[in-house]
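Q: This is the structure I have questions about; it appears just below.
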Amino acid sequence: MADINKSITKLIQALNNRGHDLLYNKKQFMGVERMPHNLYVLSKGVWNSEKGRYDTVDIYKTTSTVRMVLFLRDMWYTENGMELPTDNEMWNRIREEIQLKEAENGSDSTRK
């Protein structure tokens, strides 16, 4: 678990060095079976000129740290203009779902 969290931290630092304002948080909630679950949230600071401050907008939420690493990896590849890897079939399906949601919402979470 510690290695995955280090990977997440390093990817976020690298993306923030490129101009992204990414924040990484962990929230806990109780499931129906009364067991605590972790929700990992990647958010971004967006300037709100009406309020004169930064607001946080959630980019990606998941209960899996592995999915968070893969999402950040995709952001890194996109940032550097590289082709996205297709080495994980399950992640490829999840990536397609994310892209469909972005198309419906009219946003692109992998860009500045």
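Q: Given H placed 1.01 Å from N in the peptide plane, which residues other than close sequence neighbours of ILE59 have an amide H under 5 Å from its amide H?
A: Under 5 Å from the amide H of ILE59: LEU42, SER43, LYS44.
Q: If you don't mind, another one. What nm distance separates the two modelled labels at THR62 and TRP47, each placed 7 Å from Cα along Cα→Cβ?
A: Using points 7 Å along Cα→Cβ, the separation is 3.1 nm.
Q: Using 0.36 nm times the number of residues separating GLU96 and ASN17, minus their current alpha carbon distance, what extension gain do you get? List each step's numbers first, then the result.
A: Numbers: separation 79, 0.36 × 79 = 28.44 nm, distance 2.71 nm.
Taking 0.36 nm per residue and subtracting the Cα distance, the gain is 25.7 nm.
Q: For region 56-65, take each phi angle, set θ = phi - 60°, evaluate the Karplus expression 6.51 cos²θ - 1.76 cosθ + 1.60, and give the result in whole Hz per residue in order, putting x for glycine and proline.
A: Karplus-based 3J(HN,Hα) across region 56-65 equals 9, 10, 6, 9, 8, 10, 7, 9, 10, 5 Hz.
Q: Could I ask something else about it? So how many Å³ per residue does the convex hull of the Cα atoms of the chain work out to?
A: 145 Å³
Q: Of LEU39, LEU100, LEU22, which is the most mobile in a GNM of the chain whose springs link Cα atoms less than 10 angstrom apart?
A: Highest fluctuation of the listed residues: LEU100.
Q: Okay, next question. What list of ³J(HN,Hα) couplings, whole Hz, do you get for region 82-93 from phi and the Karplus terms 6.51, -1.76, 1.60, once you set θ to phi - 60° and write x for glycine and proline?
A: For region 82-93, the Karplus-derived couplings read 9, 5, 5, x, 10, 7, 10, 4, 5, 5, 4, 5 Hz, x marking Gly and Pro.
Q: Using the Cα centre as the reference, give the magnitude of the dipole from point charges on the C-beta atoms of the chain (Lys, Arg: +1; Asp, Glu: -1; all else neutral), rounded to the nearest 20 debye.
A: Values: 17 positive and 16 negative charges, 100 e Å.
The calculated dipole for the chain is roughly 480 debye.
Q: Could you identify which residue out of TYR24, TYR54, TYR77 has the top mean-square fluctuation in a GNM of the chain using Cα springs shorter than 10 Å?
A: TYR54
Q: Give, as ranges by residue number, the residues of region 38-73 whose backbone N falls under 13 Å from the point 7 Å along Cα→Cβ of SER7.
A: 64-73
The numbers here are math on the coordinates, done by the rules we state, and not lab data. Remember, predicted model here, so these are calculated numbers, not experimental data. As a convention, Cβ positions derive from the backbone with ideal geometry for all residues, glycine included, and neighbour counts pool all protein chains shown.
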